[in-house]
Structure formats: structure tokens, C-alpha cells
Amino acid sequence: MNLFNYNTLEVHLEKETKSANLTIFEEYITTELIFELESFFNWIANKVEIDCLYIKNNNPYFSKGIDLNHWKTLDTKRVNQNLKTLQKLTYISYLLPQTIIIDMGLGAKGLGAELILTGDVRIAHENTTIQFDHLDKGLVPCSGGIGFLSEIVGQSFTRNWIMLGKKVKASELINSGLVIDTYSENQTELVNVIKNKIHSQNSVARIQAKRSLLDTINKSFEAAREFENRYALGVLGSGDWKNESSTNPKDLRTLLQSV
């Protein structure tokens, strides 16, 4: 039974493993999806009786990021609000009492690739690829793509993936530590193994361990969030992401002065 009347999400509870299954029905990140994700995260934050949250997309790809044609129709205030909310969701996810499993499917890119950082555990199809192609679109990662990603995989992987915007294959994702395991066809068996493992753990110890892991790096996360917000919004102010044009030296000087 679907718990909510969302347009972009479905939520089902699984009694056997005390888990919540969240299915996304949008290929791209829209304003409505952001609003409904925020609503759901606010709801589950108080449900300590739920051990884990499994998030997947009903489509083969977890997320294709933003649809530029749609986002170009939004005014600057709405774009800023959307990005700030996405950033908040990424950071809030690390405060949720549940262990979060992200199923990346065949992959993600852009802001969609940042959305996978909300997970504590990530799995993917063996043919998955992710691509932090923000720079190609005149954008800067703002929802964990700088801070969280660096903490998870290290500065070297993060720098290469963002500055080159290349497609990162499953083998490199596993080698970097971003993904713990892959599946070839049906992910059900792998997901059930992870859910059962989480369900078998002592709930208090599990929640405290998650909070402890966050506290050890909280200061660097807070600093990263500030800089992500600062530089991402500064780039938005240049308008290049709408015009798909290169920044000329004059624009660059203006941009640097603004941040």
C-alpha cells in the first residue's frame, strides 16, 4: 500500500525487515520532486522504528540530473531555492536514524549524481556509469558533490571526476569506495541481504554509530556546504548555465568579485 499521494514518489513499508521502500518516478530532478522528497524526509526523520530506507528509481537510471529546458523557465529565486533544498536534503540524510541504501541502477549524472550521495550504502548495476558533468552545463556541484564526495572517495577521485566530467564505470566506483557491490540482472537478492543485515543489528547502536561517523567529519562538512553554496550560487549569477556560453574574462572578474 502506497503511504502518500505523491505525484513523483511511491512509499511502501516492509514489515519483515522494518524498512521503507522509496521509488522515484521522475527521470529528471524537478521542483515537484524536490518538494516531495523534502516532505518525505521530514516524515521519516521521526520514524526511528524504521531500520532502513531503500531508494531506487522506477526508470533504469537513478537520475539524469536536471532538464535544462525546464530549469531555464524558472526564475533565479526558484532555482536558488531548489538548489538550497537539494543541498539540505543531502546533508539531512546523514542525520536520519535509518541506514539509507541507494540503488543507482544504470547510473546518474549532474545533480542526479549528487543525489546518490544521500545514501549510507550504494549498490548499482554492473553496467552503471555516473557523470559529474556540471561544468559542461555551466554549473558547479552544490549538493555534496564537493564536500561529501571528497570525504567518501578522496580529493583525487573527486577532482578527476568533476574537472573532467568523464563517465565513471562501475569498476572505478567500487575501487573508490562509492559503491559497495553490483548486480547483473535482478537486484532483489542483494537488497534483501543488506536489509536483513541492517535489521539484525541493535537499533540504538546502529543509530549512534551513524551519528558518530558524522560527528567525526561534521566540521569539514559544514565548511564544504558553505563553499558549495557560495560558489554554486555565484556561477548561477553569471547566467552562463542558461546561455550555454563560455565565461569571458570580464564575466570571470565579476564572478570572482561576487564570491
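The values are calculated or read from the model by the stated rules, or taken from the named source; none is laboratory data. For clarity, every value in this text was computed on a predicted model and none was experimentally measured. Glycine also receives a Cβ, built like all others from the backbone with ideal geometry; neighbour counts cover every protein chain displayed. When the accessible area is computed, the model is the full protein with side chains, heavy atoms only, and any ligands, DNA or RNA have been set aside. Shrake-Rupley method; radii C 1.70, N 1.55, O 1.52, S 1.80 Å.
Reported to the nearest whole Å, the Cα centre-to-centre distance from the range 111-136 to the range 150-178 is 10.
Quick check on the range 87-128: take the gyration tensor over C-alpha atoms, sort the square-rooted eigenvalues as a ≥ b ≥ c, and tell me if it's rounded (a/c under 1.5), prolate or oblate. Verdict is oblate for the range 87-128. When only Cα pairs below 8 angstrom with a gap of at least 6 residues are kept, the range 54-144 shows a relative contact order of 34 percent.
Protein heavy-atom surface of the range 1-40, 1.4 angstrom probe: 51% of the accessible area is carbon and sulfur, with nucleic acids and ligands not counted. Among Gly119, Gly145, Gly154, which one shows the biggest mean-square fluctuation in a GNM of the chain, springs joining Cα atoms closer than 10 Å? Greatest mean-square fluctuation among the candidates belongs to Gly154. Once each of the GluC sites (Glu not before Pro) sitting in a DSSP loop with at most 10 other beta-carbon atoms within 10 Å is removed, the chain keeps 50-184 as its longest stretch.
Classify the range 181-224 as rounded, prolate or oblate, taking a ≥ b ≥ c as the square roots of the eigenvalues of its Cα gyration tensor: rounded when a/c is under 1.5, otherwise prolate if a/b is larger than b/c and oblate if not. Could you put the intermediate results ahead of the total?
Values: a/c = 5.71, a/b = 1.65, b/c = 3.45.
It is oblate, given that a/c is not under 1.5 and a/b is not larger than b/c.
The dipole here belongs to the chain: it is taken about the Cα centre, uses +1 on the Cβ of Lys and Arg and -1 on the Cβ of Asp and Glu, and is about 640 debye.
Were the residues from Ser184 through Thr76 laid out at 0.36 nm apart, the gain over their Cα-Cα distance would be 34.7 nm. With contributions of -39500 (n - 2.57) from each DSSP H run of at least four residues, the per-residue ellipticity at 222 nm computed over the chain stands at -14500 deg cm²/dmol. Sorting Met104, Met1, Met163 by accessible area puts them as Met1, Met163, Met104; the probe is 1.4 Å, largest comes first, and only protein heavy atoms count.
For the cross-link pairs Lys18/Lys167; Lys47/Lys195; Lys18/Lys109; Lys15/Lys169; Lys64/Lys197, the ones whose C-alpha atoms lie over 27 Å apart are Lys18/Lys167; Lys18/Lys109; Lys15/Lys169; Lys64/Lys197.
Among the listed values (i) 7, 31, 37, 19, 5, 1, 0; (ii) 7, 29, 33, 22, 9, 1, 0; (iii) 6, 24, 30, 24, 11, 5, 0, the one computed from these coordinates for P(r) over Cα pairs in 10 Å bins from 0, in percent is (i).
Run through every distinct alpha carbon pair of the range 27-157 and return the Kirkwood hydrodynamic radius in angstroms, one decimal place.
On the way: mean 1/r = 0.0661 Å⁻¹.
Final number for the Kirkwood radius of the range 27-157 is 15.1 Å.
Calculated accessible area for the chain comes out at 49 Å² per residue, all protein chains present (probe 1.4 Å; ligands, DNA, RNA ignored). Going 7 Å from the Cα of Asn202 toward and past its Cβ, which residues in the range 41-79 have a backbone nitrogen under 19 Å from where you end up? 48-52, by backbone N distance to the label point.
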